[in-house]
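The values are calculated or read from the model by the stated rules, or taken from the named source; none is laboratory data. Quantities reported herein were computed from a predicted structural model and do not represent experimental measurements. Cβ coordinates were reconstructed from backbone atoms using ideal geometry, including for glycine residues, and neighbour counts include every protein chain displayed. SASA here: full protein model, heavy atoms, side chains in, ligands and nucleic acids out. Shrake-Rupley method; radii C 1.70, N 1.55, O 1.52, S 1.80 Å.
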Amino acid sequence: MFTGIIEELGTVVSIDELGDSARLAIRGATVTSDAAHGDSISVNGVCLTVVDNADGVFTADVMGESLRRSTLGSLRTGAPVNLERAATVATRLGGHIVQGHVDGVGEVLAREPGDQWETVTFSLPSALARYVVEKGSITVDGISLTVTAVDDDSFSVGLIPTTLKLTTLGARSVGERVNLEVDIMAKYVEKLLGSVRS
């Protein structure tokens, strides 16, 4: 489990394609400082398992399923990535409950700069629209964000200077793709209500 509060901006060091999977090597001094084999690290919102960790670089294997259903399949060497270690029992829940299980991929539709912040609008896959509400939480590339507006096929968020500076969203251009994870609570409520109605 994660909180969606990014700890650092890492860098893809190498990508080894292994048929229907890949092994990523990612540099991140903070997240590797106490990482051990088997630990979980969120990379752009995708929960990956540490295979090796040395000299500030960790490696993780990515299954074909994750490569197809997220933006990890389009990463290139040198690309910046959002990194967060898994939450502990003592972690402050500064964002919301994030699983690191990508529900879909959206696209940056528009960016509207303000004096100190920016409104960014993303496309919203139709299968996810029912889980997204104004003032609710959504995860974009692993970042816990509050929805400021939503309609049937898009949603907007407001990004503060810290988010713009310390995450990949500061540099995402219109047309670029992002990983989306909706609030798990919404999915559980839908399932529970469905069983009550049956």
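Summary of computed values
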| read-out | value |
| --- | --- |
| Label-point separation in nm, R68 to A171, each point 7 Å along Cα→Cβ | 3.0 nm |
| Cut-off 10 Å between beta-carbons: net charge of the residues surrounding V98, Lys and Arg +1, Asp and Glu -1 | -3 |
| Förster-model FRET efficiency, 30 Å R0, H37 and E134, C-beta, rounded to 0.05 | 0.10 |
| Listed residues A22, V132, L48: farthest to the positive end of the dipole of the chain (Cβ charges) | V132 |
| Dipole of the chain, positive end: most advanced residue of I184, F2, I160 [Cβ charges, Cα centre] | I184 |
| 12 Å beta-carbon shell around D34, net charge (K/R +1, D/E -1) | -1 |
| Förster-model FRET efficiency, 45 Å R0, D115 and A54, C-beta, rounded to 0.05 | 0.55 |
| Electrostatic dipole magnitude of the range 21-117 [Cβ: Lys, Arg +1; Asp, Glu -1; Cα centre; debye, to 20] | 120 debye |
| Within the accessible area of the chain (1.4 Å probe), percent carbon and sulfur | 53 percent |
| V102, V12, V133, reordered so the largest accessible area comes first (probe 1.4 Å) | V133, V102, V12 |
| Rounded tilt (10° steps) of 184-197 against the dominant C-alpha axis of the chain | 50 degrees |
| Distant alpha-carbon pairs in the range 1-126 (separation over 27 angstrom), percent | 21 percent |
| For the chain, accessible area per residue (1.4 Å probe, heavy atoms of protein chains only), Å² | 52 Å² |
